[in-house]
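Quick note: the coordinates plus some simple rules give every number you see, no bench work behind them. Note that the coordinates shown come from a computational prediction; the quantities given were computed from them, not determined experimentally. Cβ atoms come from the backbone with ideal geometry, glycine included; neighbour counts cover every protein chain shown.
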Amino acid sequence: MAKPLLSNMSGRIRQGLIYADGVVGRPPAVPTDWPSLDRAARHKLSRRAYAYVAGGAGLEGTVRADRAAFDRWELSPRVLRDVSVRDSGVEIFGRRIPSPILLAPVGALGLVRRGADVEVATAAAALGVPYIFSNQASQSMEDCAAVMGDAPRWFQLYWSTSDELVASLVKRAAVAKCEAIVVTLDTTMLGWRPRDLNLGHLPFAFGEGLAQYTSDPVFASIVASRPDGPTTRPMLRDLPAALRALGAISHRHPGRFLDNLRSSVPRASVQTFLEVYSRPSLTWENLALLRELTSLPVVLKGVLHPDDARRAVDEGIDGLIVSTHGGRQVDGARGSLDCLPDVVAAVDGRIPVLMDSGVRSGADIAKAIALGARAVCVGRPYVYGLGLAGARGVSEVVQNLAAEFDLTMGLCGLTAPAQFGRHSLVEARRQRDRRPSRRTR
Ligand SMILES: Cc1cc2nc3c(=O)[nH]c(=O)nc-3n(C[C@H](O)[C@H](O)[C@H](O)COP(=O)(O)O)c2cc1C
């Protein structure tokens, strides 16, 4: 495969290309800043798709907290240092990646665009940015891996009620050349998400986001062993809606549409998924099983508390992702970046710590790195790029973030991510001023 695009693309080159295109009347495929990207996606995506992607849990306090955490820090640029040669690359699990960015696992992407996951995989592979396949993907990991050559990818696992299904997914991930298993721990149950609840819309109930399951032999045997017809009763209450749902489910299930329409398997698959996909009883003891199933690095996603981070290191876990799941699980929780320093301190350099939730710019990436993250994962921004312009949109969003990070790094007087540290940051004045002085306390 050709050299990854990002390894040759400094921030200045990216900037230069955008301006050169502008001279011949070609604007960028997607807006280069988050507020404009969000606005454009809100207009383009269907109501259900935008609600699903943008929404957070409850009053969306955690979505706001994730952003506010970035505003609490200001970068402290230094001048007159030779920053003409820079390298944004970082190493994770022995693999060097061109920029400290990974694509977060995002489920039900088919809501946003047909063929979505393969488009994201195509863009990620060309860039050299690791793509974390979601357990809730709309296309299978094998279909995505098929367009990625040797480009880096990881697999994100939701621990279902069936250990056999877990084993099968993990085995498939290794065959698909995934380089790490990410176990998401913050979603043993779905958070309370009013934007979706108000529309009565759960993508999975319409067969969206089930591709890793419907392509799995163990899942197929669980479906085959269930008593037939459990979904028919509630559906018959509103015939047009039931027919629409049946059409959607049959369309998304593997195989021919007409065959699926006649078969009970697609509906039984949805019902089975809803019964098995999460395991609220999950504990550290279950995780030990993973070690028997795979020799790949195991990364825990959704760790926010330093005690959990310490325990993870003790249990032999290989990496952590500090994450609030984009504010989609616990409303009123502490912002992800606010949790990062304590987790980094607890881990004490023994395993890499990544973070996500609320990363919207190159400066955000710089702040996360300065607070101890090895790299960040990005979610909604690339999903909006996908919705606006397919693989090209994903690519441009990531190129823009990487370019802005590279320029920010150089303009702070640094030439590599490892040079960022607490010394690169000051607490924002607004915060300092708001704190009561000793005399008024
Ligand atoms: C629409 C949507 C679907 C998601 N699906 C998954 C998923 O299947 N598995 C998972 O571990 N995280 C999932 N996440 C969480 C992301 O991996 C990531 O933690 C989050 O999007 C980061 O926040 P950001 O969107 O603010 O960048 C999802 C997030 C969104 C927005």
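Have a look at the DSSP beta bridges in the chain and tell me what percent are antiparallel, nearest 5. Let's see the in-between values first.
Working: 6 of 28 bridges.
Restricted to the chain, the bridges split so that about 20 percent are antiparallel.
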E142-D33 pseudo-label distance in nm [points 7 Å out on the Cα-to-Cβ vector]
4.6
Calc'd 3J(HN,Hα), region 55-63, phi into Karplus 6.51 cos²θ - 1.76 cosθ + 1.60 (θ = phi - 60°), Hz, glycine/Pro = x, comes to x, x, 7, x, 7, 6, x, 6, 4
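Tell me the net charge near S140. Cut-off is 11 Å between Cβ atoms, S140 excluded, with +1 for each Lys or Arg and -1 for each Asp or Glu. Walk me through the numbers before you get to the answer.
Details: positive: R172; negative: D117, E142, D143, D216.
Combined, the nearby Lys, Arg, Asp and Glu give -3.
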Please state, to two decimals, what the Cα-based radius of gyration of region 195-276 comes to when divided by 2.2 N^0.38 Å (N = residues).
1.05
Once both labels are modelled 7 Å past Cα along the beta-carbon direction, what's the I13-R96 spacing in nm?
1.5
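Assigning unit charges at the beta carbon (Lys, Arg +1; Asp, Glu -1) and nothing else, what dipole magnitude in debye, to the nearest 20, does region 1-41 show about its Cα centre? List each step's numbers first, then the result.
Numbers: 5 positive and 3 negative charges, 34 e Å.
Here the size comes out at about 160 debye.
I'd like the antiparallel share, as a percent to the nearest 5, of DSSP beta bridges with both residues in region 41-192. Intermediate values should be presented prior to the final figure.
Values: 3 of 10 bridges.
Of the beta bridges lying entirely in region 41-192, close to 30 percent run antiparallel.
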Dimensions of region 143-206 along principal axes (Cα, Å, largest first)?
42, 27, 20
Net charge, R380 excluded, C-beta distance under 12 Å - Lys, Arg +1, Asp, Glu -1:
+1
Just to be sure I understand the model, the point goes 7 Å from the Cα along the line to the Cβ. What's the resulting D21 to S278 distance in nm?
3.9
Name the most mobile residue of Q15, Q136, Q399, meaning the one with the largest mean-square fluctuation, in a Gaussian network model of the chain with Cα contacts below 10 Å.
Q15
Among the lysines in the chain, how many pairs, 8 or more places apart or on different chains, have alpha carbons under 27 Å apart?
4
Sequence-distant or interchain residues sharing an amide H contact under 5 Å with Y158, placed H: which?
N135
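Can you compute the FRET efficiency between A220 and V79 using 1/(1 + (r/R0)^6), with r the Cβ-Cβ distance and R0 = 56 Å? Round to the nearest 0.05. Intermediate values should be presented prior to the final figure.
Values: r = 62 Å, r/R0 = 1.11.
According to the calculation, E is roughly 0.35.
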Neighbourhood net charge (15 Å Cβ-Cβ; Lys/Arg +1, Asp/Glu -1) for H305
-3
Which of A54, A241, A309 ends up with the largest GNM mean-square fluctuation for the chain, with Cα atoms connected below 10 Å?
A241
When the Kirkwood hydrodynamic radius is evaluated over all pairs of different C-alpha atoms of region 322-441, what value in angstrom, to one decimal, is obtained?
15.9
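Just from its helices, what would the mean residue ellipticity at 222 nm be for the chain, if runs of 4 or more DSSP H residues each count -39500 (n - 2.57) and the sum is divided by every residue, rounded to the nearest 500 deg cm²/dmol? Let's see the in-between values first.
Details: 20 runs with 205 residues, N = 441.
Counting only the DSSP helices, I get -14000 deg cm²/dmol.
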As I understand it, the value is the acute angle between the Cα axis of helix 380-411 and the longest principal axis of the Cα atoms of the chain; what does it come to in degrees, rounded to 10?
20
Which residue fluctuates the most in the chain, going by a Gaussian network model with Cα springs under 10 Å, if the choices are R262, R113, R350?
R262
Amide H proximity to I132 below 5 Å, modelled H, separation 5+ or other chain, gives L103, W154
Net lengthening on full extension, A428/A288 (0.36 nm per residue, minus Cα-Cα)
46.2 nm
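Expressed in nm to one decimal, what extension gain is obtained for the pair A416 and W192 from 0.36 nm per residue of sequence separation less their Cα-Cα distance?
On the way: separation 224, 0.36 × 224 = 80.64 nm, distance 4.05 nm.
Extra length available between A416 and W192 comes to 76.6 nm.
Full-extension gain between R350 and S264, please, as 0.36 nm times their residue separation minus the C-alpha to C-alpha distance.
Details: separation 86, 0.36 × 86 = 30.96 nm, distance 5.01 nm.
Length gained between R350 and S264: 26.0 nm.
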Packing-wise, with mean Cβ within 10 Å as the measure, how do 138-150, 98-110, 67-79 rank, highest first?
98-110, 138-150, 67-79
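In terms of the Cα gyration tensor, with a ≥ b ≥ c the square roots of its eigenvalues, is the chain rounded because a/c is under 1.5, prolate because a/b exceeds b/c, or oblate? Working shown, then result.
Details: a/c = 1.64, a/b = 1.48, b/c = 1.11.
Note, shape of the chain comes out prolate.
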